[in-house]
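Reading through the C-alpha cells given below for one structure.
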Amino acid sequence: MTLDPVATIVWIVSFVVVTVAVTGLARRVGWSAPIALVIVGAAVSFIPGVPAIAVQPDLILYGLLPPLLFAAAIRTSFADVRARRDGILLLSVGLVAFTVVTVGFTAWWVVPGISLAAAFAFGAVVAPTDAVAVTAIAGRLKLPRRLVTVLEGESLLNDATALVALNAAIAGILASVDPGAPQLNGWGILLEFVLAVGVGVGVGLVVGFVLGFIRKQLKAPVLDTSLSLITPYIAFIPAQFLHGSGVLAVVVAGLYLGFRAPVIQTAESRIAESLNWRTIQFLLENAVFLFIGLSLATILPAALSDGPGVWETVLISAALLAAVFLSRFVWMMITTSVYRFGPQWLRNRGWSWRNGIAVSVAGIRGVVTLAAVFLLPVETPGRAFIQFLAFVIVVGTLLGGALLPFVIRRLRLPPPNFSQEMTEVHMLMAEAQNVGLARLDEEVTDADEQRVVDRLRVNARFLSDALENPPGDGVEPPARAYNRLRRIMIAAERDAVLAARAEGRYQERAVKSVLAKIDVEETELNLGKPRSGE
C-alpha cells in the first residue's frame with residue numbers, strides 16, 4: 001500500500017505519539033517499556049488498515065543505528081571503558097565468536113534444510129547485544145558502575161565483530177550457489193576483521209579530531225548542535241565505503257568528542273547538545289521496539305509458508321533460545337574462572353561470580369539483529385523462516401532481560417554508593433573552587449567593589465567549609481540542605497514572576513529573561529545529583 005505525503009506524516013506522528021504514550025505508561029506502572037512497545041506493535045500490526053512494515057536493512061543500518069550509537073557513545077565515560085577494556089573485549093570479540101559457533105551448530109542441527117553457512121549466518125545475526133536495549137534496562141536498575149560500563153561497552157563494540165562474521169557466512173552461502181563466487185577462509189576472515197577494525201577506528205579518530213577542531217571555533221550553540229547531529233553519519237558512511245566498520249567509527253568519534261567536550265565546546269553548547277541527544281535517543285530507542293513489534297505481521301506469513309509446522313517451530317525456537325542463553329552463560333562462567341584463577345593481574349580485577357551471572361542474564365538483542373537478518377541474500381535456504389527465528393530471539397531475550405531485576409535482587413549486588421559519589425562531587429568542586437579563589441586573589445584590584453569580592457568568596461568557600469566542618473549525627477549535610485531549601489525558594493520565585501506577568505507589570509522580554517535565569521539555576525541543582533542510569 002502506497003501512502004500519500006499527508007497520510008505518511010499522519011502515520012509518523014501517530015507512531016511517535018504511541019511510542020511516547022506506551023513508554024510513559026509503562027514507566028508509571030513499573031513495566032518494561034521495551035517489552036510493552038513490542039507487544040503493542042505486534043498487536044497493532046494485525047489491525048486492518050495499518051500499513052505493513054517492510055524492514056529495510058540499509059535504512060536501519062544507515063539511518064537509525066548511527067545516531068543511536070553516537071547518543072550512547074558521547075554519554076559513555078572513555079576513562080571507564082579504558083579501565084574495563086579487557087572485560088569489554090572478551091565480550092565484544094570472544095563472546096560473539098563463541099555465540100556464532102555455538103548457535104550456528106545448534107541451528108544447523110535443529111532447523112530442517114538449512115546449510116552450515118546459513119546456520120553460521122544466523123549465529124552471527126543473533127550474536128550482538130543491543131546498545132539501546134542494554135542502556136534501557138541498565139538505566140532502570142541500580143547496577144554497580146563497572147558492570148554497567150562493561151555491558152554498555154560490549155553492546156557498543158560487538159556489532160563490528162558480528163557483521164564481519166555475517167559477511168563471511170554470506171560469502172559461504174553465495175559460494176554454495178555459485179562456485180565462482182569469492183570465498184573467505186580463516187585467514188580471509190581475520191584479515192577482514194582487522195581491516196574493519198583498523199579502518200573504523202581510523203575514520204572515527206579522524207572525524208573526531210577534525211570536527212573537534214571545527215566545533216572549537218564555533219561559539220553559537222545552534223551551529224555546534226547542528227554539526228553534532230550529523231556527526232554519526234559523517235563517521236559511519238565513509239567507514240562503510242572504505243570497507244571498514246561504520247559502527248566502530250561512530251563509537252570512536254562519539255567517545256572522543258564526549259571526552260573532549262569540556263575543551264572544544266562552550267558550556268551553553270554542551271548543555272544544548274546533551275538535551276537534544278537525550279531527546280533523540282529517547283524517541284529512537286523506544287521507537288525501535290515499537291518498530292520490531294510492527295514488523296511481525298510482515299515476517300509471520302512468510303515464515304509460516306517457509307517453516308516446518310507450528311509445533312516444530314515452537315521446539316526449534318525453544319532450542320535456539322536455549323542455545324543463545326546458554327552460550328552467553330557458559331562463556332561468562334569461563335571468563336569469570338579466568339579472572340578468579342588466572343594470572344595475578346587478572347585476579348586483581350576483582351570480577352566476582354555474581355558479576356558474571358548478572359552479565360550472562362543481560363544479553364538482550366534488538367535492532368541490529370533485526371536489520372542484520374534482512375541482509376541475508378535471497379539464495380539463503382529457509383530465509384523467511386530464519387528471519388522469523390531472529391524475531392523470536394529478539395523478543396525472547398527482551399523477556400529474559402525482564403528477569404534481570406529479580407536476578408540482581410537475588411544476587412545482592414551492591415548498588416552504586418550515591419552518598420560516596422556525592423561526597424566526591426563536593427570534594428572535586430571544592431578543590432576547583434579553591435583554585436578559583438586563588439585566581440580571584442591574583443586578579444582583584446582596589447578598583448573592584450568589596451561587596452562583589454566578598455560575595456564571590458562566600459560562594460566559593462561554601463563547599464570547602466561544609467567539608468571541613470561536617471554536621472553532627474542526624475543533621476542534614478549543608479549541601480543537601482542548600483539544595484532542598486533553594487528549590488523551595490526557586491518555586492516561590494517562579495510563582496512571583498508568573499504572577500507579575502499575569503498582572504502585566506513587566507514586559508514579556510523581562511519576564512522570559514528572569515524565567516530563563518531561574519531555569520538555569522534549577523538545572524544546575526538537578527545536575528548535581530548522581531543518577532542510577534549514568
Would you check if I9 is at pLDDT below 85 and in a loop (DSSP other than H, G, I, E, B)?
no
When you scan region 323-379, how many residues do you find that are within 23 Å of V125 (Cα to Cα) and among the charged types (D, E, K, R)?
3
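Would you mind finding the one in R85, R27 that is closer than 28 Å to L157 by Cβ and open to solvent by 50 Å² or more (accessible area, probe 1.4 Å)?
R85 is the lone residue from the list that is closer than 28 Å to L157 by Cβ and open to solvent by 50 Å² or more (accessible area, probe 1.4 Å).
Going through region 61-78 one residue at a time, which ones are surrounded by fewer than 20 Cβ atoms within 10 Å (Cβ to Cβ) and in contact (Cβ under 8 Å) with a residue 12 or more places away in the chain?
Hits for region 61-78 are Y62, L64, R75, S77, F78.
For every residue, the table says whether it meets (1) under 20 Å from S295 (Cα atoms); (2) touching a strand residue (DSSP E or B) at 6+ places or on another chain (Cβ under 9 Å); (3) at pLDDT below 85.
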{"residue": "G30", "(1), (2), (3)": "no, no, yes"}
{"residue": "A33", "(1), (2), (3)": "yes, no, yes"}
{"residue": "A43", "(1), (2), (3)": "yes, no, no"}
{"residue": "L59", "(1), (2), (3)": "yes, no, yes"}
{"residue": "Y62", "(1), (2), (3)": "yes, no, no"}
{"residue": "L65", "(1), (2), (3)": "yes, no, yes"}
{"residue": "T76", "(1), (2), (3)": "no, no, yes"}
{"residue": "R82", "(1), (2), (3)": "no, no, yes"}
With the condition kept exactly as written, say whether any residue in region 326-334 is within 27 Å of L64 (Cα to Cα) and not polar (S, T, N, Q).
yes
Condition first: within 30 Å of I364 (Cα to Cα), surrounded by 14 or more Cβ atoms within 10 Å (Cβ to Cβ) and at pLDDT 80 or above. Now tell me which residues in region 400-441 satisfy that.
G400, V407, L411
Where residues in region 474-519 are of a type in the set (V, I, T) and at pLDDT 80 or above, which of them is most open to solvent (accessible area, probe 1.4 Å)?
I488
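Is it the case that F385 is touching a residue at least 40 places away in the same chain (Cβ under 8 Å), assigned to a helix (DSSP H, G or I) and of a type in the set (F, W, Y)? Please lay out each step first, then the result.
Values: touching a residue at least 40 places away in the same chain (Cβ under 8 Å): yes; assigned to a helix (DSSP H, G or I): yes; of a type in the set (F, W, Y): yes.
For F385, the condition - touching a residue at least 40 places away in the same chain (Cβ under 8 Å), assigned to a helix (DSSP H, G or I) and of a type in the set (F, W, Y) - is met.
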Just a yes or no: is a residue in region 262-282 under 21 Å from A42 (Cα atoms) and assigned to a helix (DSSP H, G or I)?
yes
Candidate set: region 244-290, residues that are open to solvent by 20 Å² or more (accessible area, probe 1.4 Å) and of a type in the set (S, T, Y); chosen: the one nearest to L37 (Cα to Cα)
T279
Condition (residue is under 19 Å from Q217 (Cα atoms), more than 21 Å from the chain's Cα centre (by Cα) and of a type in the set (A, V, I, L, M, F, W, C)) applied to region 249-260: is it met by at least one residue?
no
Of the candidates I114, I47, I35, the one satisfying the condition of being closer than 21 Å to L283 by Cα and either of a type in the set (A, V, I, L, M) or part of a helix (DSSP H, G or I) (or both) is I35
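The values are calculated or read from the model by the stated rules, or taken from the named source; none is laboratory data. Because the structure is a prediction, the values reported are computed rather than measured. Cβ sites come from the backbone with ideal geometry, for glycine too, and all protein chains shown count toward neighbours. For accessibility, only protein heavy atoms count, side chains too; no ligands or nucleic acids. Shrake-Rupley method; radii C 1.70, N 1.55, O 1.52, S 1.80 Å.
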